[in-house]
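Single-structure report; data block below.
The values are calculated or read from the model by the stated rules, or taken from the named source; none is laboratory data. The model shown is predicted, which means the values in this text are computed figures rather than measured ones. Cβ: placed from backbone, ideal geometry, glycine included. Neighbour counts: every protein chain shown.
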Amino acid sequence: MIRTFDPKEVSVIFGPYIITGFSETKCSVSRAEDAFSLVVGCDGESTRVRNYNRSGTVTLNLQQSSPSNDVLSGIALADETTNAGLMPLLIKDNNGSTLIEATTAYIQKIPDADFGKDASERAWTIMTDNLVVFLGGNE
């Protein structure tokens, strides 16, 4: 059986905004720490230690011309001046079962910007204290 992944079917929603205008890699998701660590004693006996840190980072990669840069810039500036930038984040593969969500997330900083003869990318880093990740397959 051949399955199909369609990057256009991956929705990214930050607060009430549907994010559009992505570059080649739409987004990346990373937890801050491993869920478990292994401690091995001098005699070879091991203990698995659970880590409850579920914080993580989502990077949204937008084209320089994306209108979502305006949206994210507005959110970041509002957060810097009024602390009103905590919003839910949802990434969903509409043709599969992948679902990534955070109840409260915020923009870590305005991205670095390059200006040259070619259009560049804007990498928006979004942080959360509780990143729920289910990486599934596709239909």
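General remarks:
- Answer from 55, 30, 65 - the residue that is modelled with pLDDT of 95 or more and closer than 18 Å to residue 113 by Cβ: 65
- Within region 114-136, considering residues that are out of contact with any strand residue (DSSP E or B) (no Cβ under 6 Å at 6 or more places or on another chain) and modelled with pLDDT of 95 or more, the one surrounded by the fewest Cβ atoms within 10 Å (Cβ to Cβ): 135
- The single condition among (1) farther than 18 Å from residue 92 by Cβ; (2) within 19 Å of the chain's Cα centre (by Cα); (3) among the polar types (S, T, N, Q) that residue 46 does not meet is (2).
- Subset of region 61-89 [within 15 Å of residue 102 (Cβ to Cβ) and among the β-branched types (Val, Ile, Thr)]: 75
- Picking from residues in region 7-23 that are among the hydrophobic types (A, V, I, L, M, F, W, C) and touching a residue at least 40 places away in the same chain (Cβ under 8 Å), the one that is surrounded by the fewest Cβ atoms within 10 Å (Cβ to Cβ) is 13.
- Long-range neighbours under 9 Å by Cβ, at least six apart or interchain, first residue touching a residue at least 24 places away in the same chain (Cβ under 8 Å) within region 52-64, second surrounded by fewer than 16 Cβ atoms within 10 Å (Cβ to Cβ) and basic (Lys, Arg): 54/31; 55/31; 56/31; 57/31
- Of all residues in region 1-43, those satisfying the criterion of being farther than 15 Å from residue 93 by Cβ and among the small types (Gly, Ala, Ser) are 15, 21, 23, 30, 32, 35, 37, 41.
- Residue match in region 33-49 (condition: under 29 Å from residue 4 (Cα atoms), of a type in the set (Gly, Ala, Ser) and outside any strand (DSSP E or B)): no
- Note on region 65-113: among residues that are touching a residue at least 60 places away in the same chain (Cβ under 8 Å) and over 15 Å from the mean Cα position of the chain (by Cα), the one that is surrounded by the fewest Cβ atoms within 10 Å (Cβ to Cβ) is 94.
- Flag if residue 15 is over 18 Å from the mean Cα position of the chain (by Cα) and not polar (S, T, N, Q): no
- Number of the condition not met by residue 45 [criteria: (1) over 25 Å from residue 129 (Cα atoms); (2) surrounded by 10 or more Cβ atoms within 10 Å (Cβ to Cβ)]: (2)
- Residues that are in contact with a strand residue (DSSP E or B) (Cβ under 6 Å, 6 or more places away or on another chain) and surrounded by 12 or more Cβ atoms within 10 Å (Cβ to Cβ), drawn from region 31-42: 31, 32
- Test: residue in region 24-39 that is without any contact (Cβ under 8 Å) to a residue 24 or more places away in the chain and among the aromatic types (Phe, Trp, Tyr): yes
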